[in-house]
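The values are calculated or read from the model by the stated rules, or taken from the named source; none is laboratory data. Computed from a predicted model, the values in this text were never measured in an experiment. Glycine also receives a Cβ, built like all others from the backbone with ideal geometry; neighbour counts cover every protein chain displayed. What goes into the accessible areas is simple: the full protein's heavy atoms, side chains included, and nothing from ligands, DNA or RNA. Shrake-Rupley method; radii C 1.70, N 1.55, O 1.52, S 1.80 Å.
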Amino acid sequence: MTAYPPISEQLADLEDAQTEGRRKMDWAAQHMPIMEAVGEEFEAAQPFEGERIAMAMHVEAKTAILVETLADGGAEVAVTGCNPLSTHDDVSAALDTHENITSYAKRGVDDEEYYAAIEAVIAHEPTVTVDDGMDLVAAIHEDYPELIDGIVGGAEETTTGVHRLRAMDEDGALEYPVFAVNDTPMKRLFDNVHGTGESSLASIAMTTNLSWAGKNVVVAGYGYCGKGVAKKAAGQNANVIVTEVEPRRALEAHMEGYDVMPMAEAAEVGDVFLTTTGNRDVVVKEHFESMKDGILLANAGHFDIEIDLEALDDLAVDRYEARDGVEAYELEDGRRLNVIAEGRLVNLAAPVSLGHPVEVMDQSFGIQAVCVREMLEHSDEYGAGVHDVPDELDKEIAEIKLEAEGVDFDSLTDVQREYMGSWDHGT
């Protein structure tokens, strides 16, 4: 395996970076009551003592709280990035000061360095994996299958990763259990909808200094992330157009008041294009050829394959940095198509991006944390494959959040519970 160095061996102004990273983490922690409650439990019980947790995540302040929470619960944690442009080096450096954490995450790495860092994490011979996009799981299965017998299980954070895991599981290739964290309500209904919607639009607005009002915003894909983007864009007075390949989602978007059309038609009228599908080649050459001058292209999926940048580059006669984080592709007829954050995850990869709001990620990381606990405490109940998050864990995190917010709610009476659980009550 590679001898890729941790972040502390790669930065020049290490002490300043560590101080600034800790400052960011302290701010995030103030607004993460779920992680505070879970962290207190873990620190007291030490449920991860003797475990080695490998993580590939977006290493920024909120994620760092999850990493430290697992380490404070007794684990030896090795962490790297899951996107070449989403790491905050100062946060990574601050994590690396923890005696139980080794951080290899660094912003701006090339493909070779990216996978070298993943290999460095795998070299710790994990007993648990926590992934965002499934690159870590894939690398273990493809290159280090000898380690699989020592892995109890894992957790996957995001839509794209869960799709990849389910495909792997259907092929019979997934050889240890993994929780589909993305698919549980406390993740999907808040992180994907509110988190993706708010953070993607905010990142684009700050990067471009442009308004949403009156613009035709084309949202590719109407899953939970697409719904969030569409809802937030409409809330800022944009005209929203949805493109979809799934007829029921297309119908849902139509009945919620959005224009629905094929991308070939939307390409002619859109001002901003935001992909949220998790699939490849969503915006391609034929679309670029009919787009207006000055449009914005951004991706809120996971990997940088939704916008066909190779085809766009082939069409362009010039390419230059229009703003920090904005690459302009000038076509032969003078039209300029502007790509934000290299087509990577815009809410984390744009220069000013900070990711999802802290409160939203508090919920998602709370689920991740208790899933790791569940996997270790009840490992004999989970065979190889993708597993849904147990509903009681999802409710546990919701109840912690409601209590922190000072919100009380009703409970079923015994009579109601019996009625809901029976089949023989007629009219």
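Observations on the model:
- Gaussian network model of the chain, springs between alpha carbon atoms under 10 Å - residue of 387, 302, 254 with greatest fluctuation: 254
- Accessible area per residue, Å², the chain with all protein chains present, probe 1.4 Å: 44 Å²
- Across the range 1-134, Cα pairs under 8 Å and at least six residues apart give a relative contact order of 33 percent.
- Packing around the peptides 62-69, 288-295, taken as the average count of other Cβ atoms within 10 Å per residue, puts them in this order, highest first: 62-69, 288-295.
- Each DSSP beta bridge with both residues in the range 264-339 is either parallel or antiparallel, and the antiparallel ones are about 60%.
- For the chain: rounded, prolate or oblate by the Cα gyration tensor [a/c cutoff 1.5]: oblate
- Relative contact order [Cα under 8 Å, 6+ residues apart], the chain, whole percent: 16 percent
- Cα centroid separation - the range 162-211 against the range 22-76, whole Å: 20 Å
- Comparing Cα centroids, the range 378-398 and the range 91-125 end up 28 angstrom apart.
- Surface composition of the chain: carbon plus sulfur atoms hold 46% of the accessible area, using a 1.4 angstrom probe and ignoring ligands, DNA and RNA.
- Table column - 3J(HN,Hα) (Hz), the range 318-330, Karplus curve with 6.51, -1.76, 1.60, x for Gly and Pro: 8, 8, 8, 7, 7, 8, 4, x, 10, 9, 8, 10, 9
- With all protein chains modelled, accessible area of residue 319 [1.4 Å, Å²]: 120 Å²
- Rounded to the nearest whole Hz, the Karplus-based 3J(HN,Hα) values (6.51 cos²θ - 1.76 cosθ + 1.60, θ = phi - 60°) of the range 279-285 follow the sequence 10, 9, 6, 7, 10, 10, 3, with x at glycine and proline.
- Taking each of 62/187; 24/227; 187/227; 187/395 in turn, the alpha-carbon distance tops 18 angstrom for 24/227.
- Cα-based equivalent ellipsoid of the range 51-102: semi-axis lengths in Å, sorted from largest, via gyration tensor: 17, 11, 9
- Gaussian network model of the chain, springs between alpha carbon atoms under 10 Å - residue of 176, 114, 144 with greatest fluctuation: 144
- Of the GluC sites (Glu not before Pro) in the range 88-191, the ones in a loop by DSSP (not H, G, I, E or B) with at most 10 other beta carbons within 10 Å are 99.
- The chain: most fluctuating residue of 362, 408, 16 per GNM, C-alpha cutoff 10 Å: 408
- Residue-averaged [θ]222 nm for the chain, counting only DSSP H segments that reach four residues, each worth -39500 (n - 2.57): -12500 deg cm²/dmol
- DSSP bridge pairs, the chain: antiparallel proportion in percent, nearest 5: 20 percent
- Percent RCO, i.e. relative contact order, over the range 244-302, from Cα pairs under 8 Å lying at least 6 residues apart: 36 percent
- Across the range 192-200, computed HN-Hα scalar couplings (Karplus, 6.51 cos²θ - 1.76 cosθ + 1.60, θ = phi - 60°) run 5, 7, 6, x, 5, x, 5, 6, 5 Hz from first to last residue, x flagging Gly and Pro.
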